[in-house]
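Engineer: Quick one: the structure is below, and I'll ask about it shortly.
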Amino acid sequence: MNDFQYFNPVSVEFRENGLKDAGAVVAKYGKKAMVVSYEDVSFFQDKLELLKATLQEHGVDVVEFFRICANPLISTAREGVALCKKLGVDVVVGFGGGSVMDSAKVIAAGALYEHGDIVNMFVFSHSNPTQIPPEHSLPTVMISTLPATGSEMNLCAVMTNDETKQKSYVWAESLYPKAAILDPALTAGLPRYQTACGGIDTMAHIIEAYLNGDDSNLILQDYVEEGAIRAVKETLPVVLANPGDLQARGVMMWAATIALSGFINAGTMIFTPMHQLGHVLSARYNATHGATLACLMPAWMRLFSNRPDNKRYRLFAQRIWECEDILEAADKFEAFVGEAGVETHIREFGVKEEDIPMLAREVQTVSFGPDDRLGSNPKISVEEVEEIYRLAF
C-alpha cells in the first residue's frame, strides 16, 4: 500500500425529498446564492422552482446562472465569475450533474482568484506544470441530479479551454464543497442514455484505481473496489429496466459519490490514464464523458491481454467478469456497455482513423510526464496510446 493522507470535509445530506431542505443548508453559508445549472432547464424546471422557493424561504436571494453545457467551457465560467463579483454573491449552488458542479466550483474559486485569469488554475501540461491552484473559494453546495463524476464530494473540476480545445482539470483543497445534497428522487427522470453513461463513469473511476494502483496484495482495497464495481454492474441494468426504482437509484448515487471521494482508493490511486484519453475525445468531438470511457476501458484491457505486466487485468477478469481470459472479459465488458445503450467504438463520435495520431499527440501534450510517458501502471508511450485508440476505433 502507498502512503496516503485522507481528508474530506464535505457534509453529505442523503435522503429522499432532500431538496426541500436545501434552503436551510445553503443559508448556513451565505445570503446571496448563485444557482448554477444547464442552458436548458426545462426538463427539471419544477425542481428548480422548488429549490428557489426553499432558498427564498430561508432568506437567501437567488442569482440564476443557467449557462452550462455538457463538457463545460472555461469561457462560460468566466461569465459566472464576473456575475458573482458584480452582484456580491457569497455562496454558489450547483444543481445538475458533473458539468454543472465542476463549473460551480470553478466559478466559486474564480470569484476569489488572485492569480490572473481562471485558466491559470488548470493543469494543461504534466511535463511542464505552470498552474497556480486556487487557495480560496466562495462556499459551495452541490445538489446532484446525475450520479457520475462524484464532483459533489471531491476537490476536482474538469473543464475545456474552448480557445485551445484542450480539456483538463484543477485540483485544490479549496474546491471541496461545504455540503452535498443527495436525493435519489432527483435522478428518476433521467434519460436512459445519461443514466447509463453516468453508471459507466462511476465504474471507470474505481476501475482506474483498481488497474493502475499498487501491485501488492492489497486485500482490503481490492475487495472494497471490487464490491463497488460489482454494485454498479449489477444495479445499472435494474435502473434501466425500472427507472422509478429509488432504492436502486440510491445505490447508483452513493456509488458515484464515494467512487472519487478519496476514500475508496486510499493508498492505491496513482493516476487516471483512461480519463486522459477520454478528455481529448470529449474536447474534440463533444462526446459524452462516460461514453468515451465505455469505449476505452475494453480497449485498454485488450492492449494488456498478452503482456507479462497484466496482473491487475487478470484479477479484474476473474473477479468482475468471472473468466480467466482478459480478452473474453473485454468482450463481456463491451457487451455490457452495448446492452446499456452506450457507444462501444470511438468512430461513433465522429473519429476518423486518420485522426488517431493527432489524438495521441494531444494526450502526450497535456497528460504525459517529464519522462514522456503516461502515468498508468505500467507507464505507456505515445505509440501505445495510439494503439489503444485503434483498439477502440
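Engineer: GNM, the chain, Cα, under 10 Å: largest mean-square fluctuation among 82, 22, 108?
Structural biologist: It is 82.
Engineer: Search the structure for amide H atoms under 5 Å from the amide H of residue 112, placed 1.01 Å from N in the peptide plane, and list their residues when 5 or more places away or on another chain.
Structural biologist: Correct list: 138.
Engineer: Using a 1.4 Å probe over the heavy atoms of the protein chains, calculate the carbon and sulfur portion of the accessible area of the chain as a whole percent.
Structural biologist: The C+S portion of the solvent-accessible surface of the chain is 51 percent.
Engineer: Averaged per residue, what accessible surface does the stretch 308-360 expose to a 1.4 Å probe, in Å²?
Structural biologist: I get 47 Å² per residue for the stretch 308-360.
Engineer: Accessible area, 1.4 Å probe, largest first: how do 327, 260 sort?
Structural biologist: 327, 260
Engineer: Okay, next question. Tell me, what is the 1.4 Å probe accessible area of residue 7, in Å² to the nearest 10?
Structural biologist: About 100 Å², rounded to the nearest 10.
Engineer: Take the alpha carbon atoms of the stretch 171-230, find their center, do the same for the stretch 346-392, and report the distance between the two centers in whole angstrom.
Structural biologist: Cα centroid of the stretch 171-230 versus Cα centroid of the stretch 346-392: 24 Å apart.
Engineer: Still on this structure, I have one more. Please give the Cα centre distance for the stretch 301-339 versus the stretch 10-64, rounded to the nearest Å.
Structural biologist: With the stretch 301-339 and the stretch 10-64 each reduced to a Cα centre, they are spaced 43 Å.
Engineer: Same structure, new question: Please find the FRET efficiency linking residue 188 to residue 130, where r is the Cβ-Cβ separation and R0 is fixed at 45 Å, and quote it to the nearest 0.05.
Structural biologist: Working from the Cβ atoms, E equals 0.55.
Engineer: Quick one: net charge around residue 49, please, counting Lys, Arg +1 and Asp, Glu -1 for every other residue with C-beta under 13 Å from its C-beta.
Structural biologist: Net charge around residue 49: 0.
Engineer: Would you kindly give the portion of the calculated P(r) for the stretch 144-301 that falls above 24 Å, as a percent of all Cα pairs?
Structural biologist: Of the Cα pairs, 33 percent sit more than 24 Å apart.
Engineer: Any idea what the dipole of the chain comes to, in debye rounded to 20, about its Cα centre with Lys/Arg Cβ at +1 and Asp/Glu Cβ at -1?
Structural biologist: With Lys and Arg at +1 and Asp and Glu at -1, about 660 debye.
Engineer: I need the peptides 13-19, 124-130 ranked by packing, meaning the mean over residues of other C-beta atoms within 10 angstrom, with the highest value on top.
Structural biologist: 13-19, 124-130
Engineer: Excluding residue 344 itself, calculate the net charge of residues whose Cβ lies under 14 Å from the Cβ of residue 344, where each Lys or Arg counts +1 and each Asp or Glu counts -1.
Structural biologist: Value of the local net charge: -2.
Engineer: Over the stretch 237-393, calculate the relative contact order: mean separation of alpha carbon pairs under 8 Å at least 6 apart, over the residue count, as a percent.
Structural biologist: Relative contact order of the stretch 237-393: 25 percent.
Engineer: With every protein chain present, what is the per residue accessible area of the stretch 167-296 (1.4 Å probe, Å²)?
Structural biologist: On a per-residue basis, 30 Å².
Engineer: How many times 2.2 N^0.38 Å is the alpha carbon radius of gyration of the stretch 261-393?
Structural biologist: Output field value: 1.03.
Engineer: Let's see if you can work this out: charge +1 on each Lys and Arg Cβ, -1 on each Asp and Glu Cβ, no other charges. What is the dipole magnitude of the stretch 252-375 about its Cα centre, in debye to the nearest 20?
Structural biologist: Approximately 340 debye in magnitude.
Engineer: Helix-only mean residue ellipticity at 222 nm, the chain, DSSP H runs n ≥ 4 weighted -39,500 (n - 2.57), per residue, nearest 500. What is it?
Structural biologist: -14500 deg cm²/dmol
Engineer: For a quick protection proxy, order the peptides 371-379, 283-291 by their average other-Cβ count within 10 Å, most packed first.
Structural biologist: With the highest mean Cβ count within 10 Å placed first, the list reads 283-291, 371-379.
Engineer: I'd like the Karplus ³J(HN,Hα) series for the stretch 376-387: coefficients 6.51, -1.76, 1.60, θ = phi - 60°, whole numbers in Hz, and an x wherever there's a Gly or Pro.
Structural biologist: Each residue's phi maps through the Karplus curve to give 8, 10, x, 5, 10, 8, 5, 5, 6, 4, 4, 5 Hz.
Engineer: Just the number, please: percent antiparallel of the DSSP beta bridges in the chain, rounded to the nearest 5.
Structural biologist: Percent antiparallel among DSSP bridges in the chain is about 25.
Engineer: Express the Stokes-Einstein translational diffusion coefficient of the chain in µm² s⁻¹, to the nearest whole number, given a Kirkwood radius over alpha-carbon pairs, 25 °C and a viscosity of 0.890 mPa s.
Structural biologist: In µm²/s, the coefficient rounds to 116.
Engineer: Same structure, new question: Any idea of the accessible area per residue across the stretch 60-121, 1.4 Å probe, to the nearest Å²?
Structural biologist: In whole numbers, the stretch 60-121 has 31 Å² accessible per residue.
Engineer: Excluding residue 313 itself, what net charge comes from residues whose Cβ is under 10 Å from its Cβ, given Lys and Arg +1 and Asp and Glu -1?
Structural biologist: Every neighbour counted, the sum reads +4.
Engineer: Taking only C-alpha pairs under 8 Å that are 6+ residues apart, what is the relative contact order of the chain in percent?
Structural biologist: Computed over the chain, the figure is 17 percent.
The values are calculated or read from the model by the stated rules, or taken from the named source; none is laboratory data. These figures come from a predicted structure and were not determined experimentally. Ideal geometry is used to build each Cβ from the backbone, glycine not excepted, and the neighbour counts take in all protein chains shown. The area values use the complete protein model at the heavy-atom level, side chains included, leaving out ligands, DNA and RNA. Shrake-Rupley method; radii C 1.70, N 1.55, O 1.52, S 1.80 Å.
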